[in-house]
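Trainee: Got a structure for you, questions after.
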Amino acid sequence: ISRLDICIGKILEIKRHPNADTLYVEKIDLGNGDVREVVSGLVNYIKEEDINQKIVVILKNLKPIAMRGIKSYAMVLCASSADHTKVELIVPPEGSQPGDKVYFEGYEGEPDAQLNQKKKVFEALQVDFTTTDDLVATW
């Protein structure tokens, strides 16, 4: 899990993707002058006004990928119901600032500079992400 570079970000701008009904394009501040464009499939789950200017949790060492013609340079992390009909932003602890690192207790290693897509590191770890009954994200 320490191979994932997870940090806090702040959504500075959000707009609908011009070529996809279910995608947003966000400008997200990841701290230290790192502002990235991120494409996320949250249109059917979260309103623009409910996500704009929010502090969010970001996976930032994925290989950039074009989504319907716009390159995405990170991923907004969310939690969903078991049947994926409800999706919510993962809300970091109060006082979190853009650039703050997210660590998992007992796994404090250095993240990969960029995850190797062929090794499917995120996909293998993603299945063990869950939320507790108290709505706390865990791995």
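The values are calculated or read from the model by the stated rules, or taken from the named source; none is laboratory data. Computed from a predicted structure; not experimentally measured. All Cβ positions, even for glycine, are placed from backbone atoms using ideal geometry, and neighbour counts span all protein chains on display.
This table checks each residue for (1) over 26 Å from residue 101 (Cα atoms); (2) assigned to a strand (DSSP E or B); (3) polar (S, T, N, Q); (4) free of Cβ contacts under 8 Å to residues at least 60 places away in the same chain.
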position: 7; (1), (2), (3), (4): no, yes, no, no
position: 18; (1), (2), (3), (4): yes, no, no, yes
position: 31; (1), (2), (3), (4): no, no, no, no
position: 36; (1), (2), (3), (4): no, yes, no, yes
position: 84; (1), (2), (3), (4): yes, no, no, yes
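For (1) closer than 19 Å to residue 136 by Cα; (2) polar (S, T, N, Q); (3) assigned to a loop (DSSP other than H, G, I, E, B), each residue gets a yes or a no:
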residue	(1), (2), (3)
12	no, no, no
26	no, no, no
42	no, no, yes
91	yes, no, yes
113	no, no, yes
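Trainee: For region 38-60, which residues satisfy the criterion of being without any contact (Cβ under 8 Å) to a residue 60 or more places away in the chain, β-branched (Val, Ile, Thr) and within 15 Å of residue 77 (Cβ to Cβ)? Steps first, answer last, please.
Mentor: Of all residues in region 38-60, those without any contact (Cβ under 8 Å) to a residue 60 or more places away in the chain come to 38-56, 58, 60.
Adding the requirement that they be β-branched (Val, Ile, Thr) leaves 38-39, 43, 46, 51, 55-56, 58.
Result: 38, 39, 46, 51, 55, 56, 58.
Trainee: A follow-up question, please. Among what's in region 42-81 and is in contact with a helix residue (DSSP H, G or I) (Cβ under 8 Å, 6 or more places away or on another chain) and farther than 27 Å from residue 133 by Cα, pick the residue that is surrounded by the most Cβ atoms within 10 Å (Cβ to Cβ).
Mentor: 62
Trainee: Just for region 115-139: of the residues that are in a loop (DSSP other than H, G, I, E, B) and loosely packed, with under 10 Cβ neighbours inside 10 Å, which one is modelled with the lowest pLDDT? Reasoning before the result, please.
Mentor: Within region 115-139, the subset in a loop (DSSP other than H, G, I, E, B) is 115-116, 120, 127-129, 132-136, 139.
Going one step further and asking which of them are loosely packed, with under 10 Cβ neighbours inside 10 Å, we end up with 127-128, 132-134.
Working: 127: 79, 128: 78, 132: 75, 133: 73, 134: 70.
Once the filter is applied, the top-ranked residue is 134.
Trainee: Another question, then. Would you point out the residue of region 1-37, among those that are touching a strand residue (DSSP E or B) at 6+ places or on another chain (Cβ under 7 Å) and basic (Lys, Arg), that is surrounded by the fewest Cβ atoms within 10 Å (Cβ to Cβ)?
Mentor: 15
Trainee: Within region 61-70, which residues are assigned to a strand (DSSP E or B) and without any contact (Cβ under 8 Å) to a residue 24 or more places away in the chain?
Mentor: Hits for region 61-70 are 65, 66.
Trainee: Regarding residue 23, is this residue more than 28 Å from residue 108 (Cα to Cα), in contact with an Asp or Glu (Cβ under 9 Å, 6 or more places away or on another chain) and in contact (Cβ under 8 Å) with a residue 12 or more places away in the chain? First the steps, then the outcome.
Mentor: Details: more than 28 Å from residue 108 (Cα to Cα): yes; in contact with an Asp or Glu (Cβ under 9 Å, 6 or more places away or on another chain): no; in contact (Cβ under 8 Å) with a residue 12 or more places away in the chain: yes.
Considered against the rule, which asks whether it is more than 28 Å from residue 108 (Cα to Cα), in contact with an Asp or Glu (Cβ under 9 Å, 6 or more places away or on another chain) and in contact (Cβ under 8 Å) with a residue 12 or more places away in the chain, residue 23 comes out as no.
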